[in-house]
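Colleague: Below is a structure I'd like to ask you about.
The values are calculated or read from the model by the stated rules, or taken from the named source; none is laboratory data. No experiment lies behind these values; they were computed from the predicted model shown. We place every Cβ from the backbone using ideal geometry, glycine too, and count neighbours over all the protein chains shown. Surface areas here come from the heavy atoms of the whole protein model, side chains and all, with no ligands, DNA or RNA. Shrake-Rupley method; radii C 1.70, N 1.55, O 1.52, S 1.80 Å.
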Amino acid sequence: MGEKNVRMKNSEIVSLIESTIQVVNMDVELVVEKTGVNMMYDFIKNEVVVDVDRVQKACKEMTPAMPLTTYIKTVTIHELGHSMDRKALLSSLDRAVEIIEAKKQAAAEKRPKDLPFVTMLLEEHETDIAFEETAWANAEILNRFYGVVDWDSFEKVKDHSMATYRSAYEEDYEIFEQLRETQENIIAVYN
């Protein structure tokens, strides 16, 4: 229990992630970088990227609290779960680039008022959620086979992670519904 509030050195975090990658017999490089995201999988380069400061802050956001080592191991096998889905991630790249370009070109003030734009955002959220669910399913396979973390902790991190994706989707879906209703009302007035 005392380990929950202990801050780890960067080198300890790196060693923990690398040893977790080795435990599950995966061949994925680890890169340390300030990204503002605790940990992510770069499917183009086949690398797990960790922001050591953010991963510690993210663990502190967990309620109830859990040991940092458990959190890091769980997030690591989740990112490795993405690597197991690399082929599908690579095949989604063209559409992801189209969406990024469309987001760059859309005027910020117009975005929440534009039904096609919000529809595109929902598509992006749905794709993200599908990839996240697949990564968690793959992480579950790794955990069942290698016993990396206890199941209660695994489920807590998974639920916390998925809630952030679902929350973002629900916010944009609410905007979508309002826009669609407004558009239907306008059409009804003119018919």
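Colleague: Within the stretch 129-156, which residues are open to solvent by 60 Å² or more (accessible area, probe 1.4 Å) and either in a helix (DSSP H, G or I) or of a type in the set (A, V, I, L, M) (or both)? Give the steps one after another, and end with the answer.
Modeller: Initial filter on the stretch 129-156 (open to solvent by 60 Å² or more (accessible area, probe 1.4 Å)): 133, 141, 144-146, 150-152, 155-156.
Hits for the stretch 129-156 are GLU133, ILE141, ARG144, PHE145, TYR146, TRP151, ASP152, GLU155, LYS156.
Colleague: State whether the residues of the stretch 50-58 include one that is under 25 Å from TYR165 (Cα atoms), out of contact with any helix residue (DSSP H, G or I) (no Cβ under 7 Å at 6 or more places or on another chain), open to solvent by less than 30 Å² (accessible area, probe 1.4 Å) and not in a helix (DSSP H, G or I).
Modeller: yes
Colleague: Please determine, by comparing only the residues of the stretch 157-185 that are closer than 17 Å to CYS59 by Cβ and open to solvent by 70 Å² or more (accessible area, probe 1.4 Å), which one is modelled with the lowest pLDDT.
Modeller: THR164
Colleague: Quick check on my filter: what residues within the stretch 76-95 are assigned to a helix (DSSP H, G or I), in contact with a helix residue (DSSP H, G or I) (Cβ under 7 Å, 6 or more places away or on another chain) and either open to solvent by 10 Å² or more (accessible area, probe 1.4 Å) or not hydrophobic (A, V, I, L, M, F, W, C) (or both)?
Modeller: Narrowing the stretch 76-95 to residues assigned to a helix (DSSP H, G or I): 76-83, 86-91, 93-95.
Subsequent filtering for residues that are in contact with a helix residue (DSSP H, G or I) (Cβ under 7 Å, 6 or more places away or on another chain) retains 76-78, 80-82, 89.
Passing the criteria: THR76, HIS78, GLY81, HIS82, LEU89.
Colleague: Kindly indicate which of GLU29, GLU98, GLU47, GLU126 is touching an Asp or Glu at 6+ places or on another chain (Cβ under 9 Å) and open to solvent by 70 Å² or more (accessible area, probe 1.4 Å).
Modeller: Every option except GLU29 fails the conditions.
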